[in-house]
Amino acid sequence: MLLSPAWSSHQARNLEGVAALSVHYRIQHYAGRDAGLERLLPLLPPTTEVVTDSGEANPFRGFLKCLENLPDTTHLCVLQDDVLPCKGFLTELELAVRDRPDDVLSLFVGGLPGRTKRDFLLALGSGIRWSPVYFREIHHVVGLVWPIPIAQEFMDWWASSPRVPGPKVQRSDDAVVGYWARTTHRLFWATVPCLVEHPDDTPSTIRTQSRFGDKGRRAIMFLDDL
C-alpha cells in the first residue's frame, strides 16, 4: 500500500484493528447540482448513497437527511456534492479513521482567520497530521467522518428541540453543527493537510453565485497541492 507523507509515519499503529472498522459514504446533494456528482461519484465506492434534497434551499435540512437511518457500519462519511477528494482518497481516509476511530474527523478546514487556522498551519509546518477545530470557530461540514454512536448523539440532541441561536428555521449546517460541538464540548479533529477541497466552482445553495477564490471557502492546504 502506498502512503502519502502526511500519513506514513503512523503506518505500524494504523495497521492494527483494520478488520473492525468500516466506513459508509453518503453525499449531501441538492437537486440540480449534478455536475459535482459526475466528478465525485467515480472516486467513491459503488455503495455510496446520494441523499438528495429539493425544494427551497436549506443546507441543514439536507445534512440531517444524511444522518437519518444510520448504516450498520462503524463510521459514516458525509461529503457535500461539490467537493473534490484528494488522490488516493479512500486509502487516506481509511488510515485517518484507523488513527482516530473515536472522533469526528473534519476532512476540510477553510482558510478563515482564527485559532483553528493558526494551529492547522503550525501542525502542517511540523509534520503533525492532526489539528483541533476550536469550539468557538466555524465547523465546516464540507466533509465529515462520524463514528456512528456520535452521529446518533447529534441526531438525539436535535430531536430534543435545542434552542439554537439564529433564525427559527435553521438553514446553516455549519452553524448548527458548530453550536452542538460548542455546547457539548465535542472536539472535532482536522486532517492535516485537508483530504477534500471545496473548489467553490458550483453555485451555492444559499447564494446565486459561487465565490471562487474566496480563501475562507477553500482548503487551508489540500493534500494534492503539496
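How about region 124-181: which of its residues are surrounded by fewer than 17 Cβ atoms within 10 Å (Cβ to Cβ), under 27 Å from Arg98 (Cα atoms) and of a type in the set (Gly, Ala, Ser)? Gly125, Ser126, Gly127, listed by residue number. Scanning region 103-125 for residues that are assigned to a helix (DSSP H, G or I) and farther than 21 Å from Val83 by Cα yields Arg115, Arg118, Asp119, Leu121, Leu122, Ala123, Leu124, Gly125. Among the residues of region 32-48, those identified as at pLDDT 95 or above and exposed (fewer than 15 other Cβ atoms within 10 Å of the Cβ) are Pro42, Pro45, Pro46, Thr47. In region 32-53, the residues that are at negative phi form Cβ pairs under 8 Å with partners that are of a type in the set (Asp, Glu) and part of a loop (DSSP other than H, G, I, E, B), at six or more places apart or across chains, as follows: Arg33/Asp81; Arg33/Asp82; Gly36/Asp81; Gly36/Asp82; Leu37/Asp81; Leu40/Asp81; Val50/Asp81. Out of Asp82, Asp72, one residue alone is assigned to a loop (DSSP other than H, G, I, E, B), of a type in the set (Asp, Glu) and farther than 23 Å from Ala175 by Cα. It is Asp72. Here is a check on your reading of the model: is Gly143 more than 26 Å from Asn69 (Cβ to Cβ) and either modelled with pLDDT of 95 or more or of a type in the set (D, E, K, R) (or both)? When the stated conditions are applied, Gly143 does not pass them.
The sole residue among Val145, Val164 that is β-branched (Val, Ile, Thr) and either part of a helix (DSSP H, G or I) or closer than 29 Å to Thr73 by Cα (or both) is Val145. Selection within region 167-210: residues that are at pLDDT below 90 and in contact with an Asp or Glu (Cβ under 6 Å, 6 or more places away or on another chain). The member of this set that is nearest to His29 (Cα to Cα) is Thr202.
The values are calculated or read from the model by the stated rules, or taken from the named source; none is laboratory data. It should be emphasised that the depicted structure is a prediction, and the values quoted were computed from it without experimental measurement. Reconstructed Cβ throughout: ideal geometry from the backbone, glycine too, with neighbour counts over all protein chains shown.
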